[in-house]
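Notes follow once the structure below has been shown.
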Amino acid sequence: MAEWFKYDLHVHCAECSACGQSTAHEMLQAFYEAGYAGYVMTDHSVTGSTAAPHDWPWEKQVGLYYETYLKTKEEADRLGMDLLFGWEHHYGHGKEVLTYGIDLVFLLQNPDIPSLSLREYVERVHAYGGYIAQAHPYRDRGYIDMSVQPQPEYLDAVEVYNPANLPGENAKAMLLALAHGLQTISGSDNHGGNQLPRVG
């Protein structure tokens, strides 16, 4: 019989995301107690809802993300859990892409990320060996410009299930992925450990 492993691909913490409700340590404990094998830290990027002060230099801003990750990874290793680094890059108009396969070296090498178009950002991530998934592409909120449509030509995958979305928003995301032959992912978009569903 196949063995299943539970991972979450969309998670925030209070140290790095301004909207985070639980610390990185609290999030790790919540995932451990809920029976997950691991997760990816995908805090809002420096151009999004960041907890890093805007007057900090780029090196210190991105350093906060990676230092928080490394400290939490030490705890995860002791618990026998996998913890990976990524971030949720805001490229404008309230639109975001989940970014995997990057690290501090990549961020330090690209201090002009805030000025890049989505195409330019994705090209650099791909050149580094990274992976891009559109986060909640049809989420309709006041801070999101719904006239700006997803750009599937730059994507590797689409987040087709996000529990913070309405069912119709998730359904449209699935149609986007199917129409363009993109891989599909889901994530909890968890901002607080008490929001985490348990898994069997």
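Quick notes on this one:
- Sequence-distant residues sharing a close amide H with residue 136 (under 5 Å, placed H): 159
- Under the combined filter of DSSP loop state and at most 14 neighbouring Cβ atoms within 10 Å, segment 1-108 retains these GluC sites (Glu not before Pro): 3.
- Once the C-beta distance of residue 5 and residue 115 is scaled by a Förster radius of 25 Å, the resulting FRET efficiency is 0.05 to the nearest 0.05.
- Once each of the chymotrypsin sites (Phe, Trp or Tyr not before Pro) sitting in a DSSP loop with at most 10 other beta-carbon atoms within 10 Å is removed, the chain keeps 6-142 as its longest stretch.
- Between the beta carbons of residue 171 and residue 25, assuming R0 = 41 Å, the FRET efficiency works out to 0.70 to the nearest 0.05.
- Couplings 3J(HN,Hα) for segment 149-163, derived from phi with the Karplus relation 6.51 cos²θ - 1.76 cosθ + 1.60 (θ = phi - 60°), are 8, x, 10, x, 5, 9, 9, 9, 7, 10, 6, 9, 9, 9, x Hz, where x marks Gly and Pro.
- In nm, spacing of pseudo-spin labels at residue 194 and residue 59 (7 Å Cα→C-beta vector): 4.1
- Counted charge near residue 21, where neighbours are those whose Cβ lies closer than 15 Å (Asp, Glu -1; Lys, Arg +1): -4
- Net length gained if the chain between residue 78 and residue 143 were fully extended (0.36 nm per residue, minus Cα distance): 19.4 nm
- Segment 77-177 - percent of accessible surface contributed by carbon and sulfur, probe 1.4 Å: 56
- Using C-alpha pairs below 8 Å separated by at least 6 residues, the relative contact order for segment 65-200 is 18 percent.
- Think of the chain as having a plus end and a minus end, set by charges on the Cβ of Lys, Arg, Asp and Glu; of 54, 90, 151, 151 sits farthest toward the positive end of this dipole.
The values are calculated or read from the model by the stated rules, or taken from the named source; none is laboratory data. What you see is a predicted model, and the numbers here were worked out from it, not measured in a lab. Using ideal geometry, Cβ is built from the backbone for each residue, glycine included, and neighbour counts are taken over all protein chains shown. Remember, those area values only see protein heavy atoms, side chains included, never the ligands or the DNA or RNA. Shrake-Rupley method; radii C 1.70, N 1.55, O 1.52, S 1.80 Å.
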